[in-house]
Structures are given as structure tokens and as C-alpha cells.
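Below is one structure, written out as C-alpha cells; the observations come after it.
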Amino acid sequence: MAGYEHHLFVCTNERDATAARPSCARAHSQELRDALKDAAKQAGLKHRVRVNTAGCLDQCEHGAVVVVYPEAVWYGFVQARDAAEIVQEHLVHGRPVERLRLAESCVNADACLHRKK
């Protein structure tokens, strides 16, 4: 069997509600992961795409967060209702969903407009 064409990592990290930073789990990331898996299966991508649960991707202020490899496209503020669009546009047609894409200046940055100082 050939390798997967795409790997999607969905942050499902959960922090205590009193934590200083938010967590993707509180942004319903498990529901998002399930919706991405279902959308990929419905699109006939079951053996071509892998949707994985990930621990913290350190993009907590952008939750729920998804990163798609091999392109290294980071999506933020993703909801389950966005799953079908990500699968169809990005995985099927090769066009990242720009409205959900995180700015490169926010990915792995100490300062971002979404982070509290």
C-alpha cells in the first residue's frame, strides 16, 4: 500500500478551564476531528488521507487548530462545519481554504494579534 497523500493533525489538547491559555478541546476539536474523518471517508479518501489526533500544537489562541501535511498548511478557528470545505477544497482540489488559514506571522511566533501579552 502506498503512503498517505495527506496527514491532518487536529489538536485535541485539553487544559483546565482556569489555565492562562485556552485549549483546542474547549473549542470542540474532537467533534472537528470526527467531522474531518467522516468528510474524508465520504469523499472516497479513506486510504489516501489520514486524520490524526494531536497533542498541543502550541497554537492555543487559534483553536481549534488543524495542520495539513505535506504542505504544512495551518488552519485556525476551525469548526466541525468547516470539515467538508477543507476536505473538498484542500484535499480533493489542492486549494487551501484561505479564510481559515493562519497567517505565517502567527504560526510558532512569540507575538501574534491573537495572543495576550
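Just one residue in the set A40, A35 is modelled with pLDDT of 95 or more, surrounded by 15 or more Cβ atoms within 10 Å (Cβ to Cβ), touching a Leu at 6+ places or on another chain (Cβ under 8 Å) and within 15 Å of E85 (Cβ to Cβ); that residue is A40. When region 65-102 is limited to residues that are under 12 Å from the mean Cα position of the chain (by Cα) and charged (D, E, K, R), the one that is nearest to Q42 (Cα to Cα) turns out to be D82. The condition (being among the basic types (K, R), part of a loop (DSSP other than H, G, I, E, B), at pLDDT below 95 and surrounded by fewer than 21 Cβ atoms within 10 Å (Cβ to Cβ)) is satisfied by just one residue among R115, R95: R115.
Among the residues of region 10-24, those that are out of contact with any strand residue (DSSP E or B) (no Cβ under 6 Å at 6 or more places or on another chain) and either of a type outside the set (G, A, S) or outside any loop (DSSP other than H, G, I, E, B) (or both) comprise N13, E14, R15, D16, T18, R21, P22.
Within region 34-61, the set of residues being under 10 Å from the mean Cα position of the chain (by Cα), within 16 Å of S23 (Cβ to Cβ) and either part of a helix (DSSP H, G or I) or among the small types (G, A, S) (or both) comprises A54 only. Before we move on, is V68 part of a loop (DSSP other than H, G, I, E, B) and touching a Phe, Trp or Tyr at 6+ places or on another chain (Cβ under 8 Å)? The answer is no for V68.
Pairing each residue of region 94-112 that is closer than 18 Å to P70 by Cβ with any residue that is at pLDDT below 95 and not in a loop (DSSP other than H, G, I, E, B), provided the two are 6+ apart or on different chains, yields C-beta distances under 7 Å for L102/H62. Candidates are the residues of region 61-79 that are over 13 Å from T12 (Cα atoms) and among the aliphatic types (A, V, I, L, M); the one that is surrounded by the fewest Cβ atoms within 10 Å (Cβ to Cβ) is A72.
Return the residues of region 71-81 that are in contact with a helix residue (DSSP H, G or I) (Cβ under 6 Å, 6 or more places away or on another chain) and part of a helix (DSSP H, G or I); say none if nothing qualifies. Matches in region 71-81: A80 only.
The values are calculated or read from the model by the stated rules, or taken from the named source; none is laboratory data. Keep in mind the model is a prediction, meaning the values are calculated, not measured. Please note: Cβ atoms are built from the backbone with ideal geometry, for glycine as well, and neighbour counts cover all protein chains shown.
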